[in-house]
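See below for the structure under consideration.
Values quoted throughout were computed directly from the atomic coordinates according to the rules given, and no laboratory measurement underlies them. Since the structure is predicted, the reported quantities are computational estimates derived from the model, not experimental observations. Positions of Cβ are backbone-derived with ideal geometry, glycine not excepted, and every protein chain shown enters the neighbour counts.
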Amino acid sequence: HVVASRSLRSPPFAPSTMAGMPPYTKCDLSIQARFAELPQGGKIMAEYIWVGGNGELRCKTRTLEAKDAKAAPADLPIWNFDGSSTEQAPGEDSEVLLKPCAIYKDPFRPGSPNILVLCDCYKPDPDGPRGLGAPIPTNTRVYANQIMDKVASHEPWFGIEQEYTLFEPD
């Protein structure tokens, strides 16, 4: 009944109001907080994150059971996406599989056990382990991991380089 009566009323934001708003309008954070406080009913949101075809970050959200918040990456489901829309697969054979590699608590949805799931991208192969084939060409994390595995007995050093340019003396 609520859905039927809701469809007869005008939307909460009249189209004329939304059309008059400039892009990137700052919204009241209390609206987000209201939705973040809703009960999740024993479920979590798992934000699957991967690197797109142009080096940009891509993501999509999957609803999982709450117990999955404490799962190992290998225990989370493999998911797919249309790689032609991210320039990671041709249009005639565009399925790309997301293999979870690391899990972190979601800092963007505080107060809940939601998770961020970092993923690697693979071609599908029904005969491969868990249906995974070869890594797609833009999946360079796989090759970096192979190198790190070869030198696992060594202690790697990582550094941050900062460069500064002085335009005017103070």
>> Taking the Cα of GLU95, stepping 7 Å toward and past its beta carbon, and measuring to each backbone N in segment 131-156: which are under 17 Å?
In response: 131-136
> In nm, what is the difference between 0.36 nm times the number of residues separating LEU29 and SER153 and their Cα-Cα distance?
Replying inline: 39.9 nm
> Using modelled backbone amide H atoms (1.01 Å from N, in-plane), which distant-in-sequence or interchain residues come within less than 5 Å of CYS101's amide H?
Replying inline: LEU118, CYS119, ASP120
> Normalised by the residues of the chain, what does the relative contact order come to in percent, with Cα pairs under 8 Å and at least six apart?
Replying inline: 16
>> For ILE136, what residues show an amide H to amide H distance below 5 Å, using hydrogens built from the backbone and excluding near sequence neighbours?
In response: CYS121, TYR122, LYS123
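When averaged across all projection directions, what area in nm² does the alpha-carbon convex hull of the chain cover?
Details: hull surface 76.2 nm².
About 19.1 nm², averaged over all directions.
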>> Less than 19 Å from a label point 7 Å out along the Cα-to-Cβ axis of ALA102: which backbone N atoms in segment 44-75 qualify, by residue?
In response: 46-53, 55-60, 69-75
> Quick one: longest stretch of the chain between exposed loop GluC sites (Glu not before Pro), exposed meaning at most 13 other C-beta atoms within 10 Å and loop per DSSP?
Replying inline: 93-160
